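Everything below concerns the one structure shown next.
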Amino acid sequence: MSPQIIAHYDAPHQFEPLLPDELRLRPLLEQASDVMRAATALGSATTAQQELKSLLRAMNSYYTNKLEGEHTRPIEIERALQQDFSANADIARRQRLAVAHIKTEQQCEDDLDAQAAKGTDAFRALYSIECVKWLHRELFSGLADADLRVADGTSLVAGEFRARQVAVGRHEPPLSKSLPAFLNRWSEVYGGVRRGEMSLVAAVASHHRLAWVHPFLDGNGRVARLHTHLVLHAMGLTNGLWSPLRGFARSESKYKALLQAADEHRQGDLDGRGNLTQKGFVEWIAYALDVCRDQIEFMTGQLEVRGMQGRIEASLIHDAATGRNGIRTEALRPLHYLFAAQVELTRGEFKTMSGLGDRLATDLVSALLKSGYVASDSPYGKLRFAIPRHALRHYFPNLWPEAEADREMSKS
């Protein structure tokens, strides 16, 4: 028989299972092993990594807010990062949400990287109640009071758990007074798993259970998604080159449907031994692992060295033909070398590789810096590979289609 439906959740055993049983876990661990092998093969050694991190943070911000129906145009995110906010109050609010995500993601990743460099394992700390509250506070504390109003007219308090009962569609989350008990159990189980494949399964499992607990009046989905992204980063799987957030948003209907299906109660004696459905939970975990694998494979193809040469060439030909700021196709050889060899070049080395005379080569370097093809840390410093936003459709086709379309629309 199915267990009696509980109207009010007030004890942590009511959101079991927190991990599938051994029989259902085995194929998920194999799936997780495939994800980890693919992530290791993608690796971290690319001079495009730093530039990609900046691009992907903006993209992650766009997609996580899109899942909440509160995204803004990619070009408006760029403007907000330059402190150029819209006169439209609602667009400006969404711009602030976008910037908050970008800054929080960067701050957390930098902190995790610093701890890893010291040999500190920050994995467990990510599952602490303090971390969950901190993420929420950082995502929402920069907003104006008017931005924090929820549907019933009350105000969200950044970093503070809800103090009243709520309903999320058909799901009624735990009583507010029971939130610490549920989250302590969440922290204990997921923060205590063994490293390796099990910790990856736990990362995506914890995503659902954190959203199920719904500790805040609003912003729970954004916190859960950012938390999952950071756990994968702490495990050394993303290296700033991919994130499941893009995959979740690009399969939005499935993402939301499977999260909701995993909220259901156990459907009879063959559906596990916890209060909640094991079948729906396993389907969610398998989907989330598939999303990770898909995003890794997509970026592996995007960063393939030989293919990148043709994409750089296509961008240079396009810009040279349209007379963009002195761009010339002679830049192909040094630009592809920067990408493939994963090095920086002095300006003299870059100019020599272009095959142009000194004056033309100097003008070309200036044009490439201005257009974003290369970057440098000082006026006369070495050059490194960069990703011009206007060339995104050539460099990384279909990575962020909305940004490509937005740039084309802004030209017209």
Meets criteria (farther than 21 Å from GLU197 by Cα, among the hydrophobic types (A, V, I, L, M, F, W, C) and within 19 Å of the chain's Cα centre (by Cα)) for LEU289 | no
For the subset of segment 178-209 comprising residues that are more than 21 Å from the chain's Cα centre (by Cα) and closer than 13 Å to PRO17 by Cα, which member is surrounded by the most Cβ atoms within 10 Å (Cβ to Cβ)?
-> PHE182
Residue pairs qualifying under the 9 Å Cβ cut-off, at least six apart or on distinct chains, with the first in segment 82-96 being outside the structural domain of THR64 (by TED's automatic domain parsing) and the second being part of a helix (DSSP H, G or I) and surrounded by 12 or more Cβ atoms within 10 Å (Cβ to Cβ), are none
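For segment 142-166, name all the residues that are out of contact with any helix residue (DSSP H, G or I) (no Cβ under 7 Å at 6 or more places or on another chain) and at pLDDT below 85.
Step one: of segment 142-166, the residues out of contact with any helix residue (DSSP H, G or I) (no Cβ under 7 Å at 6 or more places or on another chain) are 144-146, 149-154, 157, 160, 166.
Hits for segment 142-166 are ALA144, ASP145, ALA146, ARG149, VAL150, ALA151, ASP152, GLY153, THR154.
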May I ask you to list pairs of residues, at least six apart or on different chains, whose Cβ atoms are under 8 Å apart, with the first in segment 123-139 being in the same structural domain as HIS207 (by TED's automatic domain parsing) and the second being aromatic (Phe, Trp, Tyr)?
-> TYR127/TRP186; TYR127/TYR190; LYS133/PHE161; HIS136/PHE216
State the number of residues belonging to segment 167-177 that are at pLDDT 90 or above and surrounded by 15 or more Cβ atoms within 10 Å (Cβ to Cβ).
-> 4
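Going through ALA320, ALA386, ALA341 one at a time, which residue ends up being more than 26 Å from ALA41 (Cβ to Cβ), not hydroxyl-bearing (Ser, Thr, Tyr) and not assigned by TED's automatic domain parsing to the domain that holds GLY43? If you could, list the steps in order and put the result at the bottom.
Values: ALA386 fails: more than 26 Å from ALA41 (Cβ to Cβ); ALA341 fails: more than 26 Å from ALA41 (Cβ to Cβ).
Every option except ALA320 fails the conditions.
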Filtered residues of segment 136-151 (kept if among the charged types (D, E, K, R) and outside any helix (DSSP H, G or I)) | ARG149
Determine, yes or no, whether VAL343 is modelled with pLDDT under 95 and not basic (Lys, Arg).
-> yes
Examine segment 152-163 for a residue that is in contact with a Lys or Arg (Cβ under 7 Å, 6 or more places away or on another chain), in a helix (DSSP H, G or I), surrounded by fewer than 21 Cβ atoms within 10 Å (Cβ to Cβ) and in the same structural domain as GLY236 (by TED's automatic domain parsing), and state whether such a residue exists.
-> no
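Could you tell me which of the residues VAL189, VAL231, VAL223, VAL204 is in contact (Cβ under 8 Å) with a residue 12 or more places away in the chain, assigned to a helix (DSSP H, G or I) and either under 15 Å from VAL291 (Cα atoms) or touching a strand residue (DSSP E or B) at 6+ places or on another chain (Cβ under 6 Å) (or both)?
Working: VAL189 fails: either under 15 Å from VAL291 (Cα atoms) or touching a strand residue (DSSP E or B) at 6+ places or on another chain (Cβ under 6 Å) (or both); VAL231 fails: either under 15 Å from VAL291 (Cα atoms) or touching a strand residue (DSSP E or B) at 6+ places or on another chain (Cβ under 6 Å) (or both); VAL223 fails: either under 15 Å from VAL291 (Cα atoms) or touching a strand residue (DSSP E or B) at 6+ places or on another chain (Cβ under 6 Å) (or both).
Being in contact (Cβ under 8 Å) with a residue 12 or more places away in the chain, assigned to a helix (DSSP H, G or I) and either under 15 Å from VAL291 (Cα atoms) or touching a strand residue (DSSP E or B) at 6+ places or on another chain (Cβ under 6 Å) (or both) holds for just one of VAL189, VAL231, VAL223, VAL204, which is VAL204.
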Output for Cβ contacts, cut-off 8 Å, separation at least six or different chains, first residue over 18 Å from ASN275 (Cα atoms) in segment 152-174, second small (Gly, Ala, Ser) and outside any loop (DSSP other than H, G, I, E, B), reads PHE161/SER176; ARG162/SER176; ALA163/SER176; ARG164/SER176; GLN165/SER176
Lone qualifier among ALA122, ALA92, ALA100, ALA146 - being under 29 Å from ALA286 (Cβ atoms) and among the aliphatic types (A, V, I, L, M) | ALA122
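Table: residues versus (1) over 18 Å from LEU56 (Cβ atoms); (2) in contact with a Leu (Cβ under 7 Å, 6 or more places away or on another chain).
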{"position": "LEU338", "(1), (2)": "yes, yes"}
{"position": "LEU345", "(1), (2)": "yes, yes"}
{"position": "SER366", "(1), (2)": "yes, no"}
{"position": "GLY372", "(1), (2)": "no, no"}
{"position": "ALA386", "(1), (2)": "no, no"}
{"position": "GLU402", "(1), (2)": "no, no"}
{"position": "ASP406", "(1), (2)": "no, no"}
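Can you pull out the residues in segment 234-253 that are part of a helix (DSSP H, G or I) and touching a residue at least 60 places away in the same chain (Cβ under 8 Å)?
Step one: of segment 234-253, the residues part of a helix (DSSP H, G or I) are 234, 244-250, 252-253.
Those that are part of a helix (DSSP H, G or I) and touching a residue at least 60 places away in the same chain (Cβ under 8 Å): ALA234, LEU245, ARG246, PHE248, ALA249, ARG250, GLU252.
Name the helices (runs of 4 or more DSSP H) wholly within segment 257-376 that hold at least 1 residues that are touching a residue at least 60 places away in the same chain (Cβ under 8 Å) and crowded, with 17+ Cβ neighbours inside 10 Å? Walk me through it before giving the result.
Details: elements: 278-302, 305-321, 332-341, 347-354, 358-371.
Answer list for segment 257-376: 278-302, 305-321, 332-341.
The values are calculated or read from the model by the stated rules, or taken from the named source; none is laboratory data. This structure is a prediction, so every number in the text was calculated from the model and none was measured. Virtual Cβ from ideal backbone geometry, glycine too; neighbours counted across all protein chains shown.
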